[in-house]
Amino acid sequence: MLRKDLLVRQLEEFGKVMAVILGLKKQHDWDKFEKEIQDASVKFTNIDIKSVELLTETDFEKEILNHPTLLLDQKKILADLLFEKLNFFAQNNEEEKYQNLKRNCLGLYQHIQNNHTENEFDMNVYYKLEILKK
């Protein structure tokens with residue numbers, strides 16, 4: 001029960017952080033946007049998102065998808081942060097970084113969807129997968 005309460009509080013806190021990130025995106029304040037995403041990634045997943053952006057598909061699978069201590073909820077958080085980071089690369093016309101991150105983000109969302117129990121369905125994951133497949 002204590003663990004569940006901790007996860008609920010963490011997800012609520014992440015929701016507040018995402019609201020800030022989305023506000024910065026809307027304002028096109030890319031410096032603060034990048035910093036907020038970096039800080040959120042370290043805080044909620046203990047992973048430096050800038051290093052994740054540079055991973056090849058093979059390294060991404062080894063270091064993120066098969067990470068020994070990264071929980072599924074943390075992978076969802078990381079996926080959402082990476083998804084938002086795609087906007088940054090698109091706005092700044094960084095096509096190579098965009099395509100690399102898109103491929104890894106798609107792989108992460110597919111991994112999340114495939115690792116749900118049969119009683120779980122995450123609409124957010126479903127729609128982001130649809131967007132990334134286009």
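Given the structure, is E13 more than 23 Å from L129 (Cα to Cα) and charged (D, E, K, R)? Considered against the rule, which asks whether it is more than 23 Å from L129 (Cα to Cα) and charged (D, E, K, R), E13 comes out as yes. In the stretch 52-73, the condition of being over 21 Å from K128 (Cβ atoms), out of contact with any Phe, Trp or Tyr (no Cβ under 9 Å at 6 or more places or on another chain), among the aliphatic types (A, V, I, L, M) and open to solvent by 50 Å² or more (accessible area, probe 1.4 Å) is met by at least one residue. Are any residues in the stretch 14-29 surrounded by 14 or more Cβ atoms within 10 Å (Cβ to Cβ) and of a type outside the set (A, V, I, L, M, F, W, C), and if so, which ones? The answer is K25, and nothing else. Examine the stretch 30-44 for a residue that is modelled with pLDDT under 95, open to solvent by 40 Å² or more (accessible area, probe 1.4 Å) and not in a helix (DSSP H, G or I), and state whether such a residue exists. No: zero hits.
Look at the stretch 88-102: where a residue is free of Cβ contacts under 8 Å to residues at least 24 places away in the same chain and a partner is open to solvent by 50 Å² or more (accessible area, probe 1.4 Å) and not aromatic (F, W, Y), sitting 6+ places away or on another chain with Cβ atoms under 8 Å, you get F89/E95; F89/K97; Y98/A90. Cβ-Cβ contacts under 7 Å between residues 6 or more apart (or on different chains), taken from a first residue in the stretch 44-55 that is among the charged types (D, E, K, R) to a second residue that is assigned to a loop (DSSP other than H, G, I, E, B) and open to solvent by less than 20 Å² (accessible area, probe 1.4 Å), are absent.
The number of residues in the stretch 80-108 that are farther than 16 Å from S51 by Cα and over 14 Å from the mean Cα position of the chain (by Cα) comes to 6.
The condition of being part of a helix (DSSP H, G or I), free of Cβ contacts under 8 Å to residues at least 60 places away in the same chain, under 24 Å from D29 (Cα atoms) and not aliphatic (A, V, I, L, M) holds for K85.
Determine whether the stretch 84-95 contains at least one residue that is out of contact with any Phe, Trp or Tyr (no Cβ under 8 Å at 6 or more places or on another chain), surrounded by 13 or more Cβ atoms within 10 Å (Cβ to Cβ) and among the hydrophobic types (A, V, I, L, M, F, W, C). No - not one qualifying residue is present in the stretch 84-95.
The values are calculated or read from the model by the stated rules, or taken from the named source; none is laboratory data. Everything numeric here is computed off the predicted structure, so don't read it as measured data. Cβ atoms come from the backbone with ideal geometry, glycine included; neighbour counts cover every protein chain shown. What goes into the accessible areas is simple: the full protein's heavy atoms, side chains included, and nothing from ligands, DNA or RNA. Shrake-Rupley method; radii C 1.70, N 1.55, O 1.52, S 1.80 Å.
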